[in-house]
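First the structure, in the form of structure tokens, and then the observations on it.
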Amino acid sequence: MARIFSGIQPSGELHIGNYLGAVRNWVALQGTVDAIYCIVDYHAIIAAYEPSQLRERRREMALGLLAAGIDPEQASLFVQSDVPEHTELAWIFNTVAPLGELERQTQFKDKSQRMESVNAGLLNYPILQAADILLYRADRVPVGEDQLQHLELSRVIARRWNAQFSPETNFFPEPEAWLTPTRRIMGLDGQSKMSKSTGNTIGLLESPEEIWAKLRPAVTDPKRIRKTDPGTPEVCNIYHLHKAFSAPAVVDHVAHQCSTAGWGCLDCKKVLAESMETELVPIRRRAEMLRATPEAVNDALATGAARCRTLARETMRGVRDRMGFD
Ligand code: AMP
Ligand code: TRP
């Protein structure tokens, strides 16, 4: 059975960007492949943080993922720091990762420019990500488009390590992304990627009222000024969200009403809010149930970590053996 691995930072809430770009696909894939999903708390400490907040966010992310539909019977869900081999393999990969490629990563360039002092963790972030994936020798990685460059680097690292330590058998596979049609969700400002750090998100567990308060002023087709102006659905962020949440017949109808000025943008947003409710109501309900039974979250993480520790140890035996550490 093919094995997939993916990770998410415990950086506050799940929002419809990381849900549509990755987590919805995680749910769809579980049961069809050997699926391993990780809350990457070691990645999250690269920026300054409060220890008590980290604990809280880890729990909240686990709860959100289970509410979104991750089923611990069908997928292994765990916290990265519960499996210490992630950092052991990351150190080893430090010794084969090319510095030039690390420095060329867009995320590193963007973030380091905005910081006064840059720690080495920010530069080495993709090395830990490569270790996450390769520790389980996973070949597919369901992620959003923003992770493609990191995955390219994971392949370089696998290739270099294999060339040096396992030239005959290629111990590590070269992992490929598993993208969805909603690989890049824009924020409600229509300007940049939906992301917690930009503050342009809709949280997966927000109430219908909170969601509507954000959808109502959200940017649409910038050329559509009056209700009587026909719009161009393809340039409208709300239309893209319809494609993610509404049934195909509704999407066609929305496109028609927009391009013939049959509906104003607010009409279109109301229909989107309804489609979103259909998908979000059961998620909210599961989240409430999980809040009432915190042991269910703990059990899921403990089971996931136990299985992943066994797999991780097995891989590290192979690595140590090939590198002369046995
Ligand atoms: P993060 O929340 O940044 O840890 O990202 C978790 C996963 O969600 C990664 O696979 C990202 O590629 C994906 N993701 C995050 N934001 C977006 C977005 N706005 N559109 C599509 N995918 C996203
Ligand atoms: N860098 C990813 C993000 O910010 C999170 C991540 C860490 C990850 N390790 C991973 C994603 C391994 C996929 C596979 O979203």
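The values are calculated or read from the model by the stated rules, or taken from the named source; none is laboratory data. Because the structure is a prediction, the values reported are computed rather than measured. No Cβ is skipped: glycine too gets one built from the backbone with ideal geometry, and neighbour counts run over all protein chains shown. The area values use the complete protein model at the heavy-atom level, side chains included, leaving out ligands, DNA and RNA. Shrake-Rupley method; radii C 1.70, N 1.55, O 1.52, S 1.80 Å.
Looking only at helices (runs of 4 or more DSSP H) that lie completely in segment 192-272, which have at least 1 residues being open to solvent by less than 30 Å² (accessible area, probe 1.4 Å) and touching a strand residue (DSSP E or B) at 6+ places or on another chain (Cβ under 9 Å)?
It comes to 208-215, 237-245.
Do the conditions hold for L134, that is, is it assigned by TED's automatic domain parsing to the domain that holds F78, more than 24 Å from L77 (Cα to Cα) and over 17 Å from the mean Cα position of the chain (by Cα)?
Against the criterion (assigned by TED's automatic domain parsing to the domain that holds F78, more than 24 Å from L77 (Cα to Cα) and over 17 Å from the mean Cα position of the chain (by Cα)), L134 does not qualify.
Take segment 149-164 and flag every residue that is within 16 Å of ligand 1 (Cβ to nearest atom) and open to solvent by 10 Å² or more (accessible area, probe 1.4 Å).
Once the filter is applied, which keeps residues that are within 16 Å of ligand 1 (Cβ to nearest atom) and open to solvent by 10 Å² or more (accessible area, probe 1.4 Å), segment 149-164 yields Q149, E152.
Residues being buried (at least 21 other Cβ atoms within 10 Å of the Cβ) and either closer than 29 Å to V118 by Cα or modelled with pLDDT under 95 (or both): count how many of those fall in segment 59-75.
Residues that pass the stated criteria total 1.
Cβ-Cβ under 9 Å, sequence separation 6+ or interchain: first residue in segment 139-151 and closer than 23 Å to T32 by Cα, partner modelled with pLDDT under 95 and buried (at least 22 other Cβ atoms within 10 Å of the Cβ). Which pairs?
Hits for this filter: zero, empty list.
Which of the residues spanning segment 115-140 are closer than 18 Å to F171 by Cβ and buried (at least 21 other Cβ atoms within 10 Å of the Cβ)?
I127, A130, A131, D132, I133, L134, L135, Y136, A138
Pairs under 9 Å by beta carbon, first residue near ligand 1 (Cβ under 6 Å from one of its atoms) and assigned to a helix (DSSP H, G or I) in segment 12-23, partner of a type in the set (A, V, I, L, M, F, W, C) and at pLDDT below 95, six or more apart or different chains?
none
Cβ-Cβ distance below 8 Å, separation of 6 or more or different chains: which pairs start in segment 72-86 with a residue that is in contact (Cβ under 8 Å) with a residue 40 or more places away in the chain and end on one that is among the acidic types (D, E)?
Once the first residue is in contact (Cβ under 8 Å) with a residue 40 or more places away in the chain and sits in segment 72-86, its partners that are among the acidic types (D, E) give P72/D299; V79/D41; Q80/D41; Q80/D132; S81/D41; H86/D132.
Restricting the first residue to segment 109-135 and requiring it to be among the basic types (K, R), which pairs with a second residue that is more than 9 Å from ligand 2 (Cβ to nearest atom) and open to solvent by less than 70 Å² (accessible area, probe 1.4 Å) meet a Cβ separation below 7 Å and a spacing of at least six or different chains?
K111/L122
Would you check if D146 is of a type in the set (D, E), within 14 Å of ligand 2 (Cβ to nearest atom), open to solvent by 70 Å² or more (accessible area, probe 1.4 Å) and in the same structural domain as R313 (by TED's automatic domain parsing)?
yes
In segment 1-17, which residue that is closer than 25 Å to I45 by Cα and open to solvent by 40 Å² or more (accessible area, probe 1.4 Å) is nearest to ligand 2 (Cβ to nearest atom)?
Top of the filtered list is Q9.
Keeping to segment 307-322, report how many residues are open to solvent by 50 Å² or more (accessible area, probe 1.4 Å) and within 14 Å of A75 (Cα to Cα).
Here the count works out to 1.
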